[in-house]
Amino acid sequence: MQKPVINTSDEFIFAKLHGMWANAAKDARLAQLANAGSVDEIIRLLAEYKLDASRRELFHRNLLQREIESLSAISAQLDKRTAEFYRAFIERAYFDNLKALLHDKFSGRAAAIRPMTAAIPGLPEIPAAELLGQDSAESFLQVLNPALFPEEIGAIVRKLFDDNNIMSMECELDKLAYRHLLRHAENVPMNVRSACKALVKMEIDIVNLRMLMRVVRTYRLDETTAAAIWIDGGTVPPALLTTLSGLKTLADAVAKLPTAFRDALQPFTAADLYVSENTLWKLLYKQTKKYFSDYDHMELSIVAFPFLRHFETLNIGRIYEGIRFGMRPQDVQEMLICS
């Protein structure tokens, strides 16, 4: 059962969010986690964040659950339209759950059922074990009974059962998730709408540019296939992305991007792709922090906070995996999304 929404002042929410962020895994506290010398130490340190890191198969679920619960608690204190944006932000986990399940089923890894990501308030849990046993699209959809976008998800599932195209499935679910998020960003109150839309649009750009870099560097898709993968709503036009996807080198493609993305990516066109991807995420992190720290417009912190909380989740997850795999602290720190 969802909690009732209680309206409170921007000043109160601003103070509350900044208090939460002061205790988040960032800056020196993030460095402390990254410098953990062993798995035992990172387990001990993460306990301070009320995270049980003793079992890897449950850790990431619990980590995302922490994010969802904190955002849900805040949303109950917001106006209806901003609360709905928070809700759409949280509901991205539903699409991630479904992507993971379908990926495992159609990549031949269905025997090893990974735990679904965190439970989403108000939505039924996806019955993974039962779904993995279904041998037709119709039986799969009957068991799933999609809680969001049933017609669109039905079409995606039927197509996947027909063509086994996992990449297309993942792209289509991403399109749904971001369409959902952008629609709610466009409906928040006017005093935060521009900032909210800017953050969502930049994230869409980053997801598209990550795919562009993969297409140029690795996939080499034909124009028709490439044109079908872009998410609408960003600032970089899909037509430009399709054109750039046919260029021979990443340097050629980056040189034709809008200025901000071009300047950020040009130093790394010969590096591993994760370096460029992290550079893009840091652009979004910087913009998010700018809104969050604007004391002259305290209301902007409200739409910035979900992004900051999600970055914290990503950083903790990366640190945990890096330490488990025995990476050096300096290498772990290079993976983090921070200023």
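The values are calculated or read from the model by the stated rules, or taken from the named source; none is laboratory data. Being a predicted model, the structure only gives us computed values, none of them experimental. All Cβ positions, glycine included, derive from the backbone under ideal geometry; neighbour counts span all protein chains shown. For accessibility, only protein heavy atoms count, side chains too; no ligands or nucleic acids. Shrake-Rupley method; radii C 1.70, N 1.55, O 1.52, S 1.80 Å.
Starting from the residue with the highest accessible area, list Thr288, Thr225 in decreasing order, probe 1.4 Å. Show your work: numbers first, answer last.
Values: Thr288 0, Thr225 55 Å².
The residues order as Thr225, Thr288, largest area first.
Per residue, how much accessible area does region 193-248 have with a 1.4 Å probe, in Å²? Provide the component values of the computation, followed by the final result.
Numbers: 2460 Å² over 56 residues.
Result: 44 Å² per residue.
About the Cα centre of region 184-339, how large is the charge dipole given +1 on each Lys and Arg Cβ and -1 on each Asp and Glu Cβ? Please answer in debye to the nearest 20.
Working: 18 positive and 17 negative charges, 42 e Å.
Charge dipole, region 184-339, about its Cα centre: 200 debye, nearest 20.
Which order do peptides 257-265, 299-307 fall in by mean Cβ count within 10 Å, highest first? Please list the in-between numbers first.
Numbers: 257-265: 15.1, 299-307: 24.4.
Highest mean packing first, the order is 299-307, 257-265.
Computing the accessible area with a 1.4 Å probe over protein heavy atoms, can you report the carbon and sulfur percentage for the chain? Walk me through the numbers before you get to the answer.
Details: 8340 of 15980 Å².
For the chain, the apolar C and S fraction of the accessible surface comes to 52 percent.
Is the C-alpha gyration tensor of region 98-202 telling us rounded, prolate or oblate? Criteria: a/c under 1.5 is rounded; beyond that, a/b larger than b/c is prolate, otherwise oblate.
The shape class here is prolate.
Tell me, rounded to the nearest percent, the portion of alpha carbon pairs in the chain spaced more than 31 Å apart. Before the final figure, lay out the partial values.
On the way: 21178 of 57291 pairs.
In whole percent, the long-distance tail amounts to 37.
Which value, in Å² and to the nearest 10, is the accessible area of Leu71 when all protein chains are kept and the probe is 1.4 Å?
Taking all protein chains as shown, Leu71 has close to 0 Å².
Relative to the compact-globule scaling 2.2 N^0.38 Å, provide the ratio for the alpha-carbon radius of gyration of region 4-63. Could you put the intermediate results ahead of the total?
On the way: Rg = 15.4 Å, N = 60, 2.2 N^0.38 = 10.4 Å.
In units of the 2.2 N^0.38 Å rule of thumb, it is 1.47.
Tell me, what does the Kirkwood hydrodynamic radius of region 183-339 come to in angstroms if you use every pair of distinct C-alpha atoms? Before the final figure, lay out each step's value.
Working: mean 1/r = 0.0592 Å⁻¹.
Computed over region 183-339, the radius equals 16.9 Å.
Rounded to the nearest 20 Debye, what is the dipole magnitude of region 162-249 about its Cα centre when Lys and Arg each give +1 and Asp and Glu each give -1 at the C-beta? Don't skip to the end; give the middle numbers.
Details: 11 positive and 11 negative charges, 85 e Å.
It comes to approximately 400 debye.
Could you calculate the contour length gain from Arg183 to Ser139, that is, 0.36 nm times the residue separation minus the distance between their Cα atoms, to one decimal place in nm? Spell out each step's value before the answer.
Numbers: separation 44, 0.36 × 44 = 15.84 nm, distance 3.09 nm.
Working it through step by step, the gained length comes to 12.8 nm.
Going by the alpha-carbon gyration tensor, a ≥ b ≥ c the square roots of its eigenvalues, is region 138-191 rounded (a/c under 1.5) or, if a/c is not under 1.5, prolate (a/b greater than b/c) versus oblate?
On the way: a/c = 4.69, a/b = 1.99, b/c = 2.36.
Oblate, because a/c is 1.5 or more while a/b does not exceed b/c.
Set the Förster distance to 56 Å, then compute FRET efficiency between Ser107 and Lys80 from the Cβ-Cβ distance, nearest 0.05. Please list the in-between numbers first.
Working: r = 41 Å, r/R0 = 0.72.
Here the calculated transfer efficiency is 0.85.
Quick check for me: using +1 on Lys/Arg Cβ and -1 on Asp/Glu Cβ, what's the dipole size of the chain about its Cα centre, in debye to the nearest 20?
Values: 41 positive and 43 negative charges, 99 e Å.
Rounded to the nearest 20 debye, it is 480 debye.
Given a cut-off of 19 Å, what percent of all Cα-Cα pairs of region 128-257 lie beyond it?
Here the long-distance tail beyond 19 Å is 58 percent of all Cα pairs in region 128-257.
How much accessible surface area, in Å² rounded to 10, belongs to the heavy atoms of Glu138 with a 1.4 Å probe?
Number for this one is 100 Å².
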